[in-house]
Structures are given as structure tokens and as C-alpha cells.
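Encoded as C-alpha cells, the structure appears first; notes follow it.
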Amino acid sequence: VDLCLFPQLERKREHVASAVECYVKENLSASRDEAVEFFWNEISRAWKDTTEEYCQTPTPLHVALTQRILNYARCSHVLYEKGDGYTDPYLLKAHIASLFIDDVPL
């Protein structure tokens, strides 16, 4: 899925502006591709920060709570990494099939 098409799908829904559209408007010299690249870099940086914080010991929060927070972030990432998997579940078909059909390598 081309992530540059994602804001176009949101415009068809007459929804609020996407983050990519807002970035392009705020940075007039930026293209949609540059905006998408900017957000992927931000996501990558956020994952590094999240992983670093999670791996620190000792943690002030109970381990079960931090695992739930991290798993929620992981789920959100899978839902939206290839487009809007929440409203278009066909984008998640391969993930769902892998849970029930594919063998887990040991």
C-alpha cells in the first residue's frame, strides 16, 4: 500500500485533515513524500525510545502494566503500518491468516 495515498482516502471520507496534510501545509516547501518520510522517521525514533524505556531496569511501574502498554503500541502499529487497517480490515488479512494458518518456526 502506498502510504501517500492514505491522506487521499481520508479526504474521500470528508474527515479531518491527516497529519501528512497538516505537515505539508505547515512546511510549504515539503512534498507529500517528504511528509510521509518525516513521519516514518518519527515513528522509528519513538519505537527506539519506547524499547529503551521498556528495557530499563528497575522500572517504577509493574511489569504487567508496562507490557500491556507496549502491546497496545504494537497493536496500533500493526493496524496502521500499511494504511488504515481499522476501517479497511483487508489490509490485515495476511497478519490474521498468519495467526491461524502459518506454522510458528521453532
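The values are calculated or read from the model by the stated rules, or taken from the named source; none is laboratory data. Model, not experiment: these values are computed from the prediction. Here Cβ is always computed from backbone atoms with ideal geometry, including for glycine, and neighbour counts include all displayed protein chains. We work out accessible area using only protein heavy atoms, side chains counted, and drop any ligands, DNA or RNA first. Shrake-Rupley method; radii C 1.70, N 1.55, O 1.52, S 1.80 Å.
A few remarks follow.
- On full extension, the segment bounded by LEU65 and ASN27 gains 9.9 nm, given 0.36 nm per residue less the C-alpha separation.
- Counting only protein heavy atoms and a 1.4 Å probe, region 19-64 has 80 square angstrom of accessible area per residue.
- Phi-derived couplings, Karplus 6.51 cos²θ - 1.76 cosθ + 1.60 at θ = phi - 60°, listed residue by residue for region 43-53: 5, 4, 5, 5, 5, 5, 4, 5, 5, 4, 5 Hz, with x used for Gly and Pro.
- All aspartates and glutamates inside 19 Å of LYS93 as judged from Cα atoms, apart from same-chain residues fewer than 8 positions distant: ASP2, GLU81, ASP84, ASP102, ASP103
- Low-density loop cleavage sites - GluC sites (Glu not before Pro) in region 13-106, where at most 10 other Cβ are within 10 Å (DSSP): GLU14
- Loop chymotrypsin sites (Phe, Trp or Tyr not before Pro), region 62-106 (other Cβ atoms within 10 Å of the site Cβ: 13 or fewer; DSSP): TYR86
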